[in-house]
Every structure is written in C-alpha cells, then in structure tokens.
Amino acid sequence: MKRFIEGDDREQGVLFPDHLEGFVNDDNPVRAVDAFVDALDLVDIGFRDAAATGRPGYHPAVLLKIYVYGYLNRIQSSRRLKLEAGRNVEIMWLTTRLAPDFKTIAHLPAR
C-alpha cells in the first residue's frame, strides 16, 4: 500500500491538447477580455500606430489584453505579468503565445 500520492514521471509523454483552445473553456472570463479589446477602436481612443522604422513592436491590443487580464486577476507588476505570460495558459491563449518583456508591458504605446 502506498502512503503518499505520487506524481507522474517527468520523462513520460503527456496527451495535452496541441491547441491552446483546448485549455480555455467557453465560459472562461479571458474570452470576454479578448472580445472586449478586439471590439475597441484603439486609434480612436488614443493608441498610436507602430513606427515605420526599427524592429516591429507588439500590437497595442495584445498589451492592453495583458493589462486588463492583470487588472481582473490583481496582478499589477509588469514583471509579474511577464512571468505569467510565459507560464499561464490563459494569458498564452489571450496573447497567442506572445510574451513581451516587462519593459514593453510597462510602457504601453499611447499618445
């Protein structure tokens, strides 16, 4: 008789869904965040278009989705949001697996 609950072998293959869609239920609040930000006219409310020179930046909608998600889940730090973007499946789904740096998250492009 085993005395403790044992975990799985780390080397064992796992049958997780290949798509992030399989991890986020239809009634998950993160879907409301996605729909809300996608419905906004970001240029009209003050977000600027990307500069024509240099490395392409993240779309302001992606950063705004991270902010709104952080607000709803009481995550205020840009460093903590960066950490969550790399390990939290909901944020991975929300941002299509983009994980901006904490400095990028801290400086949302606005006028």
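Whole-Hz Karplus ³J(HN,Hα) for segment 23-28, in order, using 6.51 cos²θ - 1.76 cosθ + 1.60 and θ = phi - 60°, x for Gly and Pro?
8, 10, 5, 5, 9, 6
Mind ranking 95-102, 60-67, 77-84 by how tightly packed they are, going by the mean number of other C-beta atoms within 10 angstrom, highest first?
Working: 95-102: 15.0, 60-67: 20.8, 77-84: 16.9.
The densest-packed peptide leads the list: 60-67, 77-84, 95-102.
Taking the Cα centre as origin and putting +1 on Lys and Arg beta-carbons and -1 on Asp and Glu beta-carbons, what dipole magnitude results for segment 29-108, to the nearest 20 debye?
460
How high is the FRET efficiency between His59 and Asp27 when r is their beta carbon distance and R₀ equals 41 Å, given to the nearest 0.05?
So the FRET efficiency works out to roughly 0.95.
When the Karplus curve 6.51 cos²θ - 1.76 cosθ + 1.60 is applied with θ = phi - 60°, which whole-Hz ³J(HN,Hα) does each residue of segment 70-85 get, with x for Gly and Pro?
x, 4, 5, 10, 6, 10, 9, 7, 5, 5, 5, 5, 4, 4, 5, 5
Rule-based calculations on the coordinates, nothing more; no lab input. It should be emphasised that the depicted structure is a prediction, and the values quoted were computed from it without experimental measurement. Cβ coordinates were reconstructed from backbone atoms using ideal geometry, including for glycine residues, and neighbour counts include every protein chain displayed.
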